[in-house]
Amino acid sequence: MKVLIIGSVYPRYHEDAEVPWLRASVAHLKKAGVDVQLLVPAYKGLKSHEIDGVKVNRFRYATANMEHLTGEEGAPSKIANNPLLQLLAIPYIILGFFKCLSICRQWKPDILHVHWPFPHAFIALGAAKFFRIPMVLNFHGAELLLMRKKKWVRPFLKFAISQAKAVFANSSFTAGKIKALRNVDVEWSPYGTTLGKADNLVSAHSITDKFKILFVGRHIERKGICYLIEAAKYLPADQFEIRIVGTGDLTEKLKAQAAEISKSKDLDFSPAPIIFTGKLSSAELENEYRNANVFVLPAIVDSKGDTEGLGVVLIEAMELGLPIVASNVGGIPDVVVDGETGILVPEKNPQALANAFKRLAADPALVETLLKGGRKRIAECFSWDKIVERQIKVYERVMTRH
(Lines give C-alpha, C1' and ligand atoms only; values in the text may rest on other atoms or scores of the structure.)
Protein backbone atom coordinates (compact mmCIF):
# COMPACT_ATOMS: atom_id res chain seq x y z
CA MET A 1 0.00 0.00 0.00
CA LYS A 2 1.30 3.45 -0.97
CA VAL A 3 0.20 6.53 1.02
CA LEU A 4 1.01 10.13 0.12
CA ILE A 5 0.71 12.32 3.22
CA ILE A 6 0.01 15.98 2.46
CA GLY A 7 0.43 18.76 5.01
CA SER A 8 1.92 22.14 5.84
CA VAL A 9 5.03 21.16 7.79
CA TYR A 10 7.51 18.34 8.37
CA PRO A 11 11.03 18.21 9.86
CA ARG A 12 13.49 20.05 7.62
CA TYR A 13 16.54 18.10 8.82
CA HIS A 14 17.15 15.10 11.07
CA GLU A 15 17.40 17.05 14.37
CA ASP A 16 14.41 19.32 13.61
CA ALA A 17 11.74 19.14 16.34
CA GLU A 18 8.81 20.19 14.11
CA VAL A 19 5.60 18.04 14.36
CA PRO A 20 7.20 15.11 16.25
CA TRP A 21 3.82 13.33 16.38
CA LEU A 22 3.55 13.32 12.55
CA ARG A 23 7.09 12.03 12.24
CA ALA A 24 6.27 9.27 14.74
CA SER A 25 3.08 8.44 12.83
CA VAL A 26 5.02 8.12 9.56
CA ALA A 27 7.65 5.92 11.24
CA HIS A 28 4.97 3.56 12.58
CA LEU A 29 3.16 3.41 9.22
CA LYS A 30 6.48 2.45 7.62
CA LYS A 31 7.09 -0.16 10.33
CA ALA A 32 3.64 -1.63 9.55
CA GLY A 33 4.69 -2.13 5.93
CA VAL A 34 3.09 0.96 4.36
CA ASP A 35 5.12 2.74 1.65
CA VAL A 36 4.93 6.44 2.63
CA GLN A 37 5.94 9.69 0.98
CA LEU A 38 5.17 13.27 2.04
CA LEU A 39 4.18 16.38 0.15
CA VAL A 40 4.84 19.60 2.08
CA PRO A 41 5.86 23.16 1.16
CA ALA A 42 9.46 24.25 0.85
CA TYR A 43 10.92 26.31 3.68
CA LYS A 44 13.22 29.13 2.50
CA GLY A 45 14.15 27.29 -0.69
CA LEU A 46 14.59 23.84 0.85
CA LYS A 47 14.46 21.15 -1.83
CA SER A 48 13.03 17.61 -1.62
CA HIS A 49 15.00 15.35 0.72
CA GLU A 50 14.75 12.26 2.95
CA ILE A 51 14.07 11.99 6.68
CA ASP A 52 14.26 8.57 8.40
CA GLY A 53 14.43 6.91 4.97
CA VAL A 54 11.15 8.54 3.87
CA LYS A 55 10.99 10.85 0.84
CA VAL A 56 9.82 14.37 1.66
CA ASN A 57 8.65 16.11 -1.55
CA ARG A 58 8.89 19.89 -1.18
CA PHE A 59 6.96 22.23 -3.47
CA ARG A 60 8.23 25.78 -4.12
CA TYR A 61 5.67 28.59 -3.93
CA ALA A 62 7.71 31.81 -3.68
CA THR A 63 11.26 33.13 -3.68
CA ALA A 64 13.40 31.50 -0.98
CA ASN A 65 13.35 34.54 1.34
CA MET A 66 9.52 34.52 1.32
CA GLU A 67 8.99 30.78 1.81
CA HIS A 68 8.21 30.88 5.50
CA LEU A 69 4.41 30.90 5.46
CA THR A 70 4.41 27.58 7.33
CA GLY A 71 6.80 26.10 9.87
CA GLU A 72 7.72 27.06 13.43
CA GLU A 73 4.79 29.06 14.86
CA GLY A 74 2.35 28.11 12.06
CA ALA A 75 0.63 29.97 9.22
CA PRO A 76 -2.45 31.33 11.12
CA SER A 77 -0.23 33.06 13.72
CA LYS A 78 2.12 34.43 11.08
CA ILE A 79 -0.77 35.79 8.98
CA ALA A 80 -2.33 37.38 12.09
CA ASN A 81 0.97 39.23 12.69
CA ASN A 82 1.52 40.05 9.01
CA PRO A 83 -1.71 40.03 6.91
CA LEU A 84 0.31 40.51 3.68
CA LEU A 85 1.41 36.86 3.99
CA GLN A 86 -2.14 35.93 2.90
CA LEU A 87 -1.07 36.78 -0.65
CA LEU A 88 1.21 33.72 -0.60
CA ALA A 89 -1.81 31.43 -0.13
CA ILE A 90 -2.73 31.55 -3.85
CA PRO A 91 0.65 30.38 -5.25
CA TYR A 92 0.88 27.97 -2.29
CA ILE A 93 -2.32 26.16 -3.32
CA ILE A 94 -1.74 26.34 -7.10
CA LEU A 95 1.88 25.13 -7.04
CA GLY A 96 1.08 22.49 -4.41
CA PHE A 97 -1.79 21.29 -6.62
CA PHE A 98 0.51 20.77 -9.64
CA LYS A 99 3.24 19.13 -7.54
CA CYS A 100 0.64 16.71 -6.18
CA LEU A 101 -0.49 15.84 -9.72
CA SER A 102 3.12 15.21 -10.76
CA ILE A 103 3.86 12.90 -7.81
CA CYS A 104 0.62 10.95 -8.30
CA ARG A 105 1.27 10.51 -12.01
CA GLN A 106 4.74 9.08 -11.35
CA TRP A 107 4.43 7.28 -7.99
CA LYS A 108 0.72 6.25 -8.17
CA PRO A 109 -0.23 6.25 -4.46
CA ASP A 110 -3.25 4.27 -3.23
CA ILE A 111 -4.33 6.87 -0.64
CA LEU A 112 -4.00 10.64 -0.24
CA HIS A 113 -3.93 11.39 3.51
CA VAL A 114 -4.47 15.13 3.94
CA HIS A 115 -3.59 16.86 7.21
CA TRP A 116 -5.07 20.34 7.93
CA PRO A 117 -7.78 20.09 5.21
CA PHE A 118 -7.90 23.84 4.69
CA PRO A 119 -6.23 24.50 2.34
CA HIS A 120 -4.52 21.14 1.71
CA ALA A 121 -7.66 19.31 0.52
CA PHE A 122 -7.58 21.62 -2.50
CA ILE A 123 -3.96 20.69 -3.20
CA ALA A 124 -4.99 17.00 -3.22
CA LEU A 125 -8.38 17.25 -4.90
CA GLY A 126 -7.22 17.42 -8.53
CA ALA A 127 -5.07 14.30 -8.20
CA ALA A 128 -7.81 12.52 -6.25
CA LYS A 129 -10.30 13.13 -9.09
CA PHE A 130 -7.98 12.77 -12.08
CA PHE A 131 -6.24 9.57 -10.93
CA ARG A 132 -9.19 8.21 -8.91
CA ILE A 133 -7.26 8.04 -5.64
CA PRO A 134 -9.32 8.05 -2.40
CA MET A 135 -8.68 11.13 -0.25
CA VAL A 136 -8.93 11.02 3.55
CA LEU A 137 -8.92 14.19 5.63
CA ASN A 138 -7.27 14.61 9.03
CA PHE A 139 -8.49 17.51 11.21
CA HIS A 140 -6.43 18.93 14.08
CA GLY A 141 -8.71 21.79 15.14
CA ALA A 142 -6.77 24.76 13.72
CA GLU A 143 -8.78 24.78 10.48
CA LEU A 144 -12.05 24.83 12.47
CA LEU A 145 -10.81 27.79 14.51
CA LEU A 146 -9.91 29.56 11.26
CA MET A 147 -13.48 28.97 10.06
CA ARG A 148 -14.81 30.80 13.14
CA LYS A 149 -12.62 33.82 12.36
CA LYS A 150 -13.13 33.79 8.57
CA LYS A 151 -16.69 32.80 7.67
CA TRP A 152 -15.86 32.33 3.98
CA VAL A 153 -13.75 29.26 4.90
CA ARG A 154 -16.91 27.35 5.99
CA PRO A 155 -18.30 26.42 2.52
CA PHE A 156 -14.84 25.35 1.35
CA LEU A 157 -14.44 23.03 4.34
CA LYS A 158 -17.95 21.61 3.88
CA PHE A 159 -17.17 20.91 0.23
CA ALA A 160 -13.81 19.28 1.10
CA ILE A 161 -15.51 16.97 3.62
CA SER A 162 -18.07 15.96 0.98
CA GLN A 163 -15.22 14.86 -1.30
CA ALA A 164 -13.42 12.76 1.33
CA LYS A 165 -13.75 9.00 1.59
CA ALA A 166 -12.98 9.12 5.33
CA VAL A 167 -12.41 11.79 7.99
CA PHE A 168 -10.02 11.58 10.95
CA ALA A 169 -10.04 13.87 14.01
CA ASN A 170 -7.37 14.18 16.70
CA SER A 171 -9.93 14.33 19.54
CA SER A 172 -13.61 13.81 20.28
CA PHE A 173 -13.84 17.61 20.75
CA THR A 174 -12.59 18.17 17.17
CA ALA A 175 -14.86 15.37 15.92
CA GLY A 176 -17.88 17.13 17.41
CA LYS A 177 -16.98 20.36 15.59
CA ILE A 178 -16.68 18.47 12.27
CA LYS A 179 -20.07 16.77 12.75
CA ALA A 180 -21.65 20.16 13.46
CA LEU A 181 -20.28 21.35 10.12
CA ARG A 182 -21.32 18.27 8.13
CA ASN A 183 -22.93 15.12 9.49
CA VAL A 184 -20.35 12.47 8.56
CA ASP A 185 -18.70 9.55 10.31
CA VAL A 186 -15.48 10.70 11.97
CA GLU A 187 -12.68 8.35 12.99
CA TRP A 188 -10.91 9.22 16.26
CA SER A 189 -7.18 9.24 15.52
CA PRO A 190 -5.24 10.78 18.42
CA TYR A 191 -1.48 11.17 18.69
CA GLY A 192 0.69 8.74 20.58
CA THR A 193 3.72 9.66 22.63
CA THR A 194 6.90 10.86 20.94
CA LEU A 195 9.10 9.66 23.79
CA GLY A 196 9.89 6.27 22.25
CA LYS A 197 9.53 3.27 24.52
CA ALA A 198 6.97 3.40 27.30
CA ASP A 199 9.10 1.29 29.66
CA ASN A 200 10.20 4.34 31.63
CA LEU A 201 6.98 4.47 33.61
CA VAL A 202 7.67 4.77 37.33
CA SER A 203 5.56 4.87 40.44
CA ALA A 204 4.71 8.10 42.22
CA HIS A 205 7.65 10.49 42.55
CA SER A 206 8.68 10.93 46.17
CA ILE A 207 8.20 14.29 47.87
CA THR A 208 11.73 15.06 49.03
CA ASP A 209 11.29 18.70 49.98
CA LYS A 210 8.29 20.46 48.44
CA PHE A 211 5.46 19.17 46.25
CA LYS A 212 6.68 20.31 42.84
CA ILE A 213 4.06 21.35 40.25
CA LEU A 214 5.31 21.27 36.66
CA PHE A 215 3.99 23.04 33.56
CA VAL A 216 5.67 22.57 30.16
CA GLY A 217 4.53 24.43 27.06
CA ARG A 218 4.37 27.66 25.10
CA HIS A 219 3.46 30.78 27.04
CA ILE A 220 0.31 31.63 25.10
CA GLU A 221 -3.21 32.55 26.20
CA ARG A 222 -4.94 29.19 25.69
CA LYS A 223 -2.49 27.43 28.05
CA GLY A 224 -4.07 29.33 30.98
CA ILE A 225 -0.75 29.84 32.79
CA CYS A 226 -1.99 33.01 34.50
CA TYR A 227 -4.52 30.89 36.46
CA LEU A 228 -1.76 28.52 37.58
CA ILE A 229 0.21 31.52 38.83
CA GLU A 230 -2.90 32.79 40.64
CA ALA A 231 -3.21 29.36 42.32
CA ALA A 232 0.07 30.09 44.17
CA LYS A 233 -1.94 32.34 46.51
CA TYR A 234 -3.66 29.21 47.89
CA LEU A 235 -0.48 27.12 48.24
CA PRO A 236 1.94 27.64 51.19
CA ALA A 237 5.57 28.25 50.18
CA ASP A 238 6.92 25.71 52.68
CA GLN A 239 4.94 22.89 51.02
CA PHE A 240 4.60 23.72 47.29
CA GLU A 241 6.64 24.99 44.35
CA ILE A 242 5.46 25.85 40.82
CA ARG A 243 7.87 25.34 37.93
CA ILE A 244 7.03 26.82 34.51
CA VAL A 245 9.06 25.54 31.54
CA GLY A 246 9.09 27.20 28.11
CA THR A 247 8.78 30.67 26.62
CA GLY A 248 6.30 32.64 24.54
CA ASP A 249 4.62 35.95 23.85
CA LEU A 250 3.27 36.17 27.41
CA THR A 251 6.45 35.25 29.32
CA GLU A 252 7.30 38.75 30.59
CA LYS A 253 3.69 39.48 31.53
CA LEU A 254 3.48 36.19 33.45
CA LYS A 255 6.74 36.91 35.27
CA ALA A 256 5.37 40.30 36.32
CA GLN A 257 2.19 38.64 37.61
CA ALA A 258 4.25 36.11 39.60
CA ALA A 259 6.36 38.91 41.10
CA GLU A 260 3.20 40.76 42.22
CA ILE A 261 1.85 37.65 43.95
CA SER A 262 5.16 36.98 45.73
CA LYS A 263 5.03 40.54 47.21
CA SER A 264 1.34 40.33 48.21
CA LYS A 265 0.62 41.51 51.77
CA ASP A 266 -2.97 40.22 51.82
CA LEU A 267 -2.15 36.54 52.49
CA ASP A 268 -1.85 34.68 55.78
CA PHE A 269 1.21 32.81 54.50
CA SER A 270 3.93 33.18 51.87
CA PRO A 271 2.61 31.96 48.48
CA ALA A 272 4.32 29.09 46.65
CA PRO A 273 7.43 30.22 44.75
CA ILE A 274 7.02 30.35 40.95
CA ILE A 275 10.15 29.47 38.99
CA PHE A 276 10.46 30.20 35.27
CA THR A 277 13.10 27.90 33.79
CA GLY A 278 13.05 29.26 30.23
CA LYS A 279 13.68 26.92 27.32
CA LEU A 280 15.45 23.70 28.34
CA SER A 281 17.60 21.08 26.64
CA SER A 282 16.24 17.53 26.43
CA ALA A 283 18.40 16.44 29.38
CA GLU A 284 17.30 19.42 31.50
CA LEU A 285 13.63 18.80 30.63
CA GLU A 286 13.96 15.14 31.54
CA ASN A 287 15.36 16.22 34.90
CA GLU A 288 12.34 18.51 35.48
CA TYR A 289 9.97 15.59 34.86
CA ARG A 290 12.01 13.32 37.14
CA ASN A 291 11.91 15.79 40.03
CA ALA A 292 8.26 16.87 39.69
CA ASN A 293 5.32 15.48 41.67
CA VAL A 294 2.46 16.51 39.39
CA PHE A 295 2.03 17.78 35.83
CA VAL A 296 -0.51 20.52 35.15
CA LEU A 297 -2.19 21.86 32.01
CA PRO A 298 -4.50 24.73 33.13
CA ALA A 299 -5.81 25.25 29.58
CA ILE A 300 -8.69 27.58 28.74
CA VAL A 301 -10.87 28.52 25.78
CA ASP A 302 -9.06 31.72 24.83
CA SER A 303 -10.39 35.04 23.52
CA LYS A 304 -10.23 33.71 19.91
CA GLY A 305 -12.21 30.57 20.82
CA ASP A 306 -9.09 28.40 20.62
CA THR A 307 -8.27 25.62 23.09
CA GLU A 308 -6.32 22.37 23.39
CA GLY A 309 -7.08 19.92 20.57
CA LEU A 310 -5.72 16.93 22.50
CA GLY A 311 -2.74 17.68 24.74
CA VAL A 312 0.01 15.20 23.78
CA VAL A 313 2.12 16.63 26.58
CA LEU A 314 -0.33 15.01 29.04
CA ILE A 315 0.28 11.57 27.53
CA GLU A 316 4.03 12.09 27.81
CA ALA A 317 3.77 13.22 31.44
CA MET A 318 1.75 10.07 32.22
CA GLU A 319 4.44 7.98 30.53
CA LEU A 320 7.02 9.58 32.81
CA GLY A 321 5.07 8.63 35.93
CA LEU A 322 3.37 11.89 36.84
CA PRO A 323 -0.25 12.33 37.94
CA ILE A 324 -2.14 14.94 35.92
CA VAL A 325 -4.21 17.99 36.85
CA ALA A 326 -5.84 19.64 33.84
CA SER A 327 -8.77 21.79 32.78
CA ASN A 328 -11.95 20.19 31.47
CA VAL A 329 -11.77 21.81 28.01
CA GLY A 330 -11.20 20.80 24.39
CA GLY A 331 -9.73 17.36 23.78
CA ILE A 332 -8.19 17.06 27.26
CA PRO A 333 -10.97 14.71 28.57
CA ASP A 334 -9.92 12.19 25.88
CA VAL A 335 -6.68 11.80 27.85
CA VAL A 336 -7.68 12.72 31.41
CA VAL A 337 -10.62 10.74 32.75
CA ASP A 338 -11.47 12.44 36.05
CA GLY A 339 -10.61 10.25 39.04
CA GLU A 340 -9.21 7.49 36.79
CA THR A 341 -6.21 8.91 34.94
CA GLY A 342 -5.99 12.38 36.49
CA ILE A 343 -7.99 15.21 38.03
CA LEU A 344 -10.08 17.53 35.84
CA VAL A 345 -10.90 21.02 37.10
CA PRO A 346 -13.06 23.83 35.67
CA GLU A 347 -11.15 26.26 33.45
CA LYS A 348 -10.02 29.63 34.83
CA ASN A 349 -10.33 28.44 38.44
CA PRO A 350 -7.11 28.93 40.49
CA GLN A 351 -8.75 27.69 43.70
CA ALA A 352 -9.78 24.39 42.04
CA LEU A 353 -6.22 23.93 40.75
CA ALA A 354 -4.79 24.52 44.23
CA ASN A 355 -7.28 22.13 45.82
CA ALA A 356 -6.34 19.40 43.33
CA PHE A 357 -2.62 19.83 44.12
CA LYS A 358 -3.32 19.68 47.87
CA ARG A 359 -5.42 16.55 47.40
CA LEU A 360 -2.61 14.76 45.54
CA ALA A 361 0.06 15.90 48.00
CA ALA A 362 -1.99 14.47 50.89
CA ASP A 363 -2.98 11.16 49.25
CA PRO A 364 -0.17 8.96 47.80
CA ALA A 365 -2.71 6.13 47.28
CA LEU A 366 -4.74 8.36 44.94
CA VAL A 367 -1.57 9.20 43.00
CA GLU A 368 -0.84 5.47 42.52
CA THR A 369 -4.43 4.87 41.37
CA LEU A 370 -4.18 7.67 38.79
CA LEU A 371 -0.82 6.41 37.50
CA LYS A 372 -2.19 2.91 37.11
CA GLY A 373 -5.23 4.30 35.24
CA GLY A 374 -2.92 6.41 33.09
CA ARG A 375 -0.85 3.40 32.05
CA LYS A 376 -4.02 1.54 31.09
CA ARG A 377 -5.37 4.51 29.11
CA ILE A 378 -2.11 4.91 27.18
CA ALA A 379 -1.99 1.21 26.31
CA GLU A 380 -5.63 1.17 25.13
CA CYS A 381 -5.86 4.50 23.29
CA PHE A 382 -2.49 6.15 22.72
CA SER A 383 -0.24 3.33 21.59
CA TRP A 384 1.13 4.17 18.12
CA ASP A 385 0.79 0.56 17.01
CA LYS A 386 -2.94 0.64 17.75
CA ILE A 387 -3.44 4.12 16.28
CA VAL A 388 -1.72 3.09 13.04
CA GLU A 389 -3.55 -0.24 12.94
CA ARG A 390 -6.86 1.67 13.01
CA GLN A 391 -5.62 4.05 10.30
CA ILE A 392 -4.64 1.18 8.01
CA LYS A 393 -8.06 -0.45 8.46
CA VAL A 394 -9.64 2.82 7.28
CA TYR A 395 -7.27 2.95 4.29
CA GLU A 396 -8.19 -0.63 3.33
CA ARG A 397 -11.89 0.09 3.70
CA VAL A 398 -11.87 3.16 1.45
CA MET A 399 -9.69 1.40 -1.14
CA THR A 400 -12.18 -1.47 -1.30
CA ARG A 401 -15.11 0.89 -1.73
CA HIS A 402 -13.43 3.23 -4.22
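When a 1.4 Å probe is rolled over the protein heavy atoms, the share of accessible surface on segment 232-324 that falls to carbon and sulfur comes to 47 percent.
Each residue of segment 257-265 is assigned a 3J(HN,Hα), and the resulting list reads 4, 4, 5, 4, 5, 5, 9, 4, 9 Hz, derived from the Karplus form 6.51 cos²θ - 1.76 cosθ + 1.60 (θ = phi - 60°), x at Gly and Pro. May I ask for the distance between the Cα centers of segment 33-71 and segment 370-401, given as a whole number of Å? Centre-to-centre (Cα) distance: 28 Å. Calculated accessible area for segment 306-350 comes out at 24 Å² per residue, all protein chains present (probe 1.4 Å; ligands, DNA, RNA ignored). Among the protein heavy atoms, those of residue 368 account for about 80 Å² of accessible surface (1.4 Å probe, every chain in place).
Other residues within the sphere of radius under 13 Å centred on the Cβ of residue 366, judged by their own Cβ, net out at -1 (K and R +1, D and E -1). Per residue, the chain reaches -13000 deg cm²/dmol at 222 nm when only DSSP H runs of four or more residues are counted, each adding -39500 (n - 2.57). The charge dipole of the chain, taken about its Cα centre with unit charges on the Cβ atoms of Lys, Arg (+1), Asp and Glu (-1) only, comes to about 1840 debye. List the lysines whose Cα lies under 16 Å from the Cα of residue 393, skipping any in the same chain that are fewer than 8 positions away. Partners found: 2, 30, 31, 165.
Residue-wise HN-Hα couplings along segment 221-237, as the Karplus relation 6.51 cos²θ - 1.76 cosθ + 1.60 with θ = phi - 60° gives them from phi, are 4, 5, 6, x, 4, 4, 6, 5, 5, 4, 5, 4, 5, 9, 10, x, 5 Hz; Gly and Pro carry x. Segment 1-31 to segment 270-335: how many Å between their Cα centroids? Taking the Cα centre of segment 270-335 as reference, the centre of segment 1-31 is 24 Å away.
The values are calculated or read from the model by the stated rules, or taken from the named source; none is laboratory data. Please read these numbers as outputs of a predicted model, since none were measured by experiment. When we count neighbours, we look across all protein chains shown, and the Cβ atoms used for this are built from the backbone with ideal geometry, even at glycine. Accessible surface is based on the protein model in full, side chains and every heavy atom, while ligands, DNA and RNA are left aside. Shrake-Rupley method; radii C 1.70, N 1.55, O 1.52, S 1.80 Å.
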